[in-house]
1. Among the residues of region B:109-140, write down those that are assigned to a loop (DSSP other than H, G, I, E, B) and within 14 Å of another protein chain (Cβ to nearest Cβ).
2. Does B:Ala307 satisfy the condition of being of a type outside the set (Phe, Trp, Tyr), out of contact with any helix residue (DSSP H, G or I) (no Cβ under 6 Å at 6 or more places or on another chain) and surrounded by fewer than 18 Cβ atoms within 10 Å (Cβ to Cβ)?
3. Limited to region A:43-62, what total is found for residues that are open to solvent by 60 Å² or more (accessible area, probe 1.4 Å) and more than 7 Å from every other protein chain (Cβ to nearest Cβ)?
4. Yes or no: B:Arg286 more than 13 Å from chain A (Cβ to nearest Cβ), open to solvent by 40 Å² or more (accessible area, probe 1.4 Å), over 16 Å from the mean Cα position of the chain (by Cα) and at pLDDT 90 or above?
5. How many of the residues in region A:10-61 are at pLDDT below 75 and either among the hydroxyl-bearing types (Ser, Thr, Tyr) or part of a helix (DSSP H, G or I) (or both)?
6. Of these, B:Gln156, B:Gln128, which one is free of Cβ contacts under 8 Å to residues at least 12 places away in the same chain and within 24 Å of B:Gly33 (Cα to Cα)?
7. Please enumerate the residues belonging to region B:248-283 that are more than 8 Å from every other protein chain (Cβ to nearest Cβ), farther than 26 Å from B:Glu112 by Cα and open to solvent by less than 20 Å² (accessible area, probe 1.4 Å).
8. Restricting to region B:83-107, count the residues that are more than 14 Å from every other protein chain (Cβ to nearest Cβ) and either assigned to a loop (DSSP other than H, G, I, E, B) or within 20 Å of B:Ala307 (Cβ to Cβ) (or both).
Amino acid sequence: MPDPLPILAFGFISPWLLAGGVALSAVPLVIHLLRRRQYVDRPWAAMQFLQAALKSQARRVRLESVVLLAVRTLLILVAAAAVSQPFLDDDSLISGAASGRLRVLVVDTSLSMSAAGDAGTSLDRARLLASRIVETAPAGDAFTLVQIRRSTPFAVISRISRDRP
Amino acid sequence: MFTQAGQSTAARLREAGQGLTGLEFKARQVVDGFLAGSHRGPRRGSSAEFAEHRAYAPGDDLRYLDWKVFGKHDRFYLKQLEQETNFTCHLLLDASSSMLYRSEDASLSKLETGCLAAAAIAWLVLRQQDLVGMTAFAQSLQMQLPPSGQPSHLKQIADALEQIMVRSAAASDANGAPTTEPAPTLRPLHEWCEQGWKRAVVVVLSDCLGDLSSNLEALRRLRSCRHDVVLLHVVDPAEQDFPFDEPTRFHDVESGRAQPVDCRQLRAAYCADFESFRRKLETDCRELGADYALLRTDAPVELALAAFLSRRVRQGA
């Protein structure tokens, strides 16, 4: 998984796609501006009706065309953003496999671990440590517990598990 | 002025070599076709309408003797039929620059349509041995032909109309001089009324652009001189339907001012405005006792004849 560029609290998997999309969203604006220059010239006799109609239409027409332009631009922007696969880096909003890590806890369960210390046996301390690691790990991480005793490692929890306790 | 969407009338006439030259001939064609029944106006049968009495003089045709009057008053009176009373028709033609407009849907400009309609009505009137006169106006009265009943008068009228068309086109080509305010189109008619014409049928051919109330004032003035007024509202189909789609810059033919417009969005409002103007013109005309008929330049000119005739028939009744 390539390391994505963080933008604020989230990022895009394919930032170049996003850049391309933003460039595309300028197209409606460009068409709108160009269109305004392409006037056909005509003679006309009945100007009074044109002016009356323009007066009553002026504000509404302008609003309509601005809204249309905004909607078209926004549409392209949204499509571009969707295509470039956004995600949130930290914390619990998106629990995707994207940011999960596989943690393998290897615990030494040989006899030497039953040596007693201040806060119980080493094994108890190891257990506490392991549970703390599990609790503080970010969401989406998976765990495997592997015991080491004598010579062959022995998987206690062989499935990769995402559950907590 | 413009070589693409709106070629000047004079240029087109030069190119086509025809336009409305041969106006006299075309007018006769229109009238003959109309009377032969191709576009029948509302005619009240073939009998002439009774107009007034005329005292009997020896030698008069006894066919027209009014026997009822003889029975009541023991006097001989002849019924004078409508066709026998000579009436005068005045054609008042708007030759201002706004009439030169022609859209792509129409084969004739408003002025050309007005001229053809005027010539046709003139021929119709002359055929009946009545009198017809013509006046063209723009900012003021321009050309005037006093009424005459001679059949040769048609040629004079046709020649004058052709001159008007060429002259208007040339004038609009020469000056692009913008006037500050578009003058109400029918204002010069006040001047015509002051010439003191006897009561007659007055046919006004105009696009009636400009301030509506002052145009109506002019019509009211005509009515107050006791004329029978028929308003032929000459309109280009593009002015009524506004069939444009793309962003357009409209150049005023009178003042030369340019107005950029996004046509597709404006069409509904434009058509509504135009229609309310037209309807108000029509209603107010009828209130004045004048006749109103819409003459679109893509419609057959015979409609003008029908409107004129219906007025005559109703007048006699």
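1. B:Ser109, B:Ala138 - these are the residues of region B:109-140 that are assigned to a loop (DSSP other than H, G, I, E, B) and within 14 Å of another protein chain (Cβ to nearest Cβ).
2. no
3. Of region A:43-62, the ones open to solvent by 60 Å² or more (accessible area, probe 1.4 Å) are A:48, A:55-56, A:59-60, A:62.
Remaining after also requiring more than 7 Å from every other protein chain (Cβ to nearest Cβ): A:55, A:59-60, A:62.
So the count comes out to 4.
4. Numbers: more than 13 Å from chain A (Cβ to nearest Cβ): yes; open to solvent by 40 Å² or more (accessible area, probe 1.4 Å): yes; over 16 Å from the mean Cα position of the chain (by Cα): yes; at pLDDT 90 or above: yes.
Yes, satisfied.
5. Kept after step one, since they are at pLDDT below 75, are these residues of region A:10-61: A:10-14, A:35-37, A:58-61.
Applying the additional criterion that residues be either among the hydroxyl-bearing types (Ser, Thr, Tyr) or part of a helix (DSSP H, G or I) (or both) yields A:14, A:35-37, A:58-61.
Total meeting the criteria: 8.
6. On the way: B:Gln128 fails: free of Cβ contacts under 8 Å to residues at least 12 places away in the same chain.
Residue meeting the stated conditions: B:Gln156.
7. B:Cys263
8. Taking region B:83-107 first, the residues more than 14 Å from every other protein chain (Cβ to nearest Cβ) are B:83-93, B:107.
Now restrict to residues that are either assigned to a loop (DSSP other than H, G, I, E, B) or within 20 Å of B:Ala307 (Cβ to Cβ) (or both): B:83, B:85-93, B:107.
Qualifying residue count for the region: 11.
The values are calculated or read from the model by the stated rules, or taken from the named source; none is laboratory data. Fair warning: this is a prediction, and the values are worked out from it, not measured in the lab. Note: ideal-geometry Cβ built from the backbone for every residue, glycine included; neighbour counts use all protein chains shown. Side chains included, ligands, DNA and RNA excluded: accessible areas come from the protein's heavy atoms. Shrake-Rupley method; radii C 1.70, N 1.55, O 1.52, S 1.80 Å.
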